[in-house]
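Below you'll find the structure, written out as structure tokens, and then a few comments.
The values are calculated or read from the model by the stated rules, or taken from the named source; none is laboratory data. Treat the numbers as computed from the prediction; the structure is a model and nothing was measured. Positions of Cβ are backbone-derived with ideal geometry, glycine not excepted, and every protein chain shown enters the neighbour counts.
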Amino acid sequence: MITIAGQKEPRATTIYAVNDMVDIATRTVEVRMGLENKNYSIKSGQFARAEILIGTKQVLSLPKSAVKTDAQGSYVYIYSGGTAVKTPVETQEFNADEIAIISGLSNTDNIILENTLAVHDGASVKLGDAQ
């Protein structure tokens, strides 16, 4: 929702572009959005306050140490019938300790999280105690 200076009612809109430069002095940023203006009550450059609602998506996050990268991209090792299987994944930064897995895994995959430096594709793997 956007509230325009001098107008009572907030308006719904969609943001199309956000400038990547923040004005440090005013703590503002320029955005481009579509607004209906049939009565010409909105003027170019007019100040507005916006409440930006962002959708969320649930993703799997893993310790950064479990995700490896080579010339082909990011991957993890999955435990499958006693063998490590190198599995390509699409990732995105999540926080300082974890990385988000956007695609490449299912919720039933058993991901190898420890001793990944000693694991390679096709390696025999023995399960330890689950924590």
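So which of Ala84, Ala71, Ala100 ends up being touching a His at 6+ places or on another chain (Cβ under 8 Å) and either acidic (Asp, Glu) or at pLDDT 85 or above (or both)? Don't jump to the end; show me each part of the working.
On the way: Ala71 fails: touching a His at 6+ places or on another chain (Cβ under 8 Å); Ala100 fails: touching a His at 6+ places or on another chain (Cβ under 8 Å).
That would be Ala84, the only listed residue that is touching a His at 6+ places or on another chain (Cβ under 8 Å) and either acidic (Asp, Glu) or at pLDDT 85 or above (or both).
I need the full set of residues from the range 106-130 which are in a loop (DSSP other than H, G, I, E, B), of a type in the set (Gly, Ala, Ser) and in contact (Cβ under 8 Å) with a residue 40 or more places away in the chain, in order please. Explain how you work it out, then say what you get.
At the first step, the residues of the range 106-130 found to be in a loop (DSSP other than H, G, I, E, B) are 106-109, 112-115, 119-123, 125-130.
Subsequent filtering for residues that are of a type in the set (Gly, Ala, Ser) retains 106, 122-123, 128, 130.
Within the range 106-130, Ala123 is the sole residue that qualifies.
Determine, yes or no, whether Arg49 is under 25 Å from Lys8 (Cβ atoms) and either among the hydrophobic types (A, V, I, L, M, F, W, C) or modelled with pLDDT under 85 (or both).
Working: under 25 Å from Lys8 (Cβ atoms): yes; either among the hydrophobic types (A, V, I, L, M, F, W, C) or modelled with pLDDT under 85 (or both): yes.
When the stated conditions are applied, Arg49 passes them.
Please go through the range 77-105 and pick out each residue that is touching a residue at least 40 places away in the same chain (Cβ under 8 Å), among the aliphatic types (A, V, I, L, M) and within 23 Å of Gly122 (Cα to Cα).
Kept after step one, since they are touching a residue at least 40 places away in the same chain (Cβ under 8 Å), are these residues of the range 77-105: 77, 79, 82-84, 100-102, 105.
Filter again for among the aliphatic types (A, V, I, L, M), leaving 84, 100-102, 105.
Selection gives Ala84, Ile101, Leu105.
Residue check, Ser44 against (1) within 30 Å of Ala12 (Cβ to Cβ); (2) exposed (fewer than 13 other Cβ atoms within 10 Å of the Cβ); (3) under 20 Å from the mean Cα position of the chain (by Cα), all met but one. Which one?
Looking at each condition in turn, Ser44 falls short on (3).
Taking the residues in the range 47-75 that are among the small types (Gly, Ala, Ser) and free of Cβ contacts under 8 Å to residues at least 40 places away in the same chain as candidates, determine which candidate is farthest from Ile111 (Cα to Cα).
Going through the range 47-75, the residues among the small types (Gly, Ala, Ser) turn out to be 48, 50, 55, 61, 65-66, 71, 73-74.
Checking the rest, the ones that are also free of Cβ contacts under 8 Å to residues at least 40 places away in the same chain come to 55, 71, 73-74.
Details: Gly55: 28, Ala71: 21, Gly73: 17, Ser74: 14 Å.
Among them, the one singled out is Gly55.
I'm trying to understand the selection: among the residues of the range 76-102, which are charged (D, E, K, R) and either under 13 Å from Val119 (Cα atoms) or in a strand (DSSP E or B) (or both)? Explain how you work it out, then say what you get.
Within the range 76-102, the subset charged (D, E, K, R) is 86, 90, 93, 97-98.
Hits for the range 76-102 are Lys86, Glu90, Glu93, Glu98.
Output the number of the condition that Ala66 fails; it satisfies all remaining conditions of (1) surrounded by 10 or more Cβ atoms within 10 Å (Cβ to Cβ); (2) out of contact with any helix residue (DSSP H, G or I) (no Cβ under 7 Å at 6 or more places or on another chain); (3) modelled with pLDDT of 90 or more.
The single condition Ala66 does not satisfy is (2).
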